[in-house]
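The block underneath contains the structure these notes are about, expressed in structure tokens.
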């Protein structure tokens, strides 16, 4: 039995119990239309952007739903609701309004389309909820999420990738008995992720949003609203960063340090013992495609960049592979004079080896990209450096971050 089925079944049982008890108290439940009208009226006073957006979305009843509502996609967002379960929540309109805004923000920030890029499922969904809650006009009364956000040491209005990486870094510091997924979203909002539209159905999202972006003026002028407006109006830049810059940023985001008390070094702040000693514990994996299409000068320049960044890491594990893993060893700073290989390219053997050797704080795959979409998910943050004068057109579902050498 799948986890999705179990969690949704348990949720339906809990809601049904609450509804059954509620029937003995109130025999005249309000209609869903009245409830949505009341929520829209309240949002109009505090969050007019979400109120207008909610009005434009069609609403349809579905008695088979296991949740009070879900937002589906049928060339536009459609809100399906379960009348019986909505009646249970009619006295919690503020909480229900926050949940509606949260689901709309997931859609606006295009989280369903990005799910395939993040291999650690629980970290992606948790990061998505944390990103959304930075922009909620009606915040949840949830101290647990605020405590987690504080532990991640994030800057204001962090993006999805930054939060996801910070979660994995924090998870790596936890004891074996401590599991970060305990900070999952509230019971209802977390289960609603299972009902997100598929990537294929969301292909018409840009054309729909182009007819709605006139509502952005209703967001307001507070810092969260202005930042969200910038996020929703930004378009992908056609100017790519140099691959060396992308590589340095990737390694910087993966850096991890461990602070330990030391009797040999006094505290710089107080001049007393014990002091604090910082030790770098970052582990990187570097995969070199040895299929033969990468030019020697490009290979040498790549390794020189790795040499320069070696001082920022504790360990670099090098893997040479074409359609199979040819060599696997720790990088000692010396550029290999030659590499074994020369066959066709397949990414799965190297990624499987990385998952076995890991976890790593970051994985860098240097390749020409001339291979099919990998079937094995890398369990560590992944950066592809595509070394090809005419880069291939990669699938939208290609996992990880991508940069090109030479710069496009």
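Derivation of every value follows stated rules applied to the coordinates shown; laboratory data play no part. It should be emphasised that the depicted structure is a prediction, and the values quoted were computed from it without experimental measurement. Because the Cβ atoms are built from the backbone with ideal geometry, glycine has one as well, and the counts that use them run over all protein chains shown.
Structure data summary
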item	result
Antiparallel content of DSSP bridges confined to the stretch 26-161, in %, to 5	60
Packing-based ranking, highest mean first, of 321-327, 71-77, 348-354 given that Cβ atoms within 10 Å are counted	348-354, 321-327, 71-77
Residue exposure sequence - 91, 129 - by fewest surrounding Cβ within 10 Å	91, 129
Extension gain from residue 252 to residue 210, taking 0.36 nm per residue of separation minus the Cα-Cα distance	11.6 nm
Per-residue Cβ neighbour rank within 10 angstrom, fewest leading, 297, 251, 57	297, 57, 251
Convex hull (Cα only) mean projected area of the stretch 25-95, reported in nm² to one decimal	5.2
Fully extended contour minus Cα-Cα distance, from residue 245 to residue 94, at 0.36 nm per residue	49.9 nm
Contour excess over end-to-end distance, with Cα ends at residue 348 and residue 55 and 0.36 nm allotted per residue	100.8 nm
Proxy reagent accessibility, fewest Cβ within 10 Å first, across 164, 81, 149	149, 81, 164
Approximate spin-label separation residue 46-residue 310, in nm, with each point projected 7 Å along Cα-to-Cβ	5.7
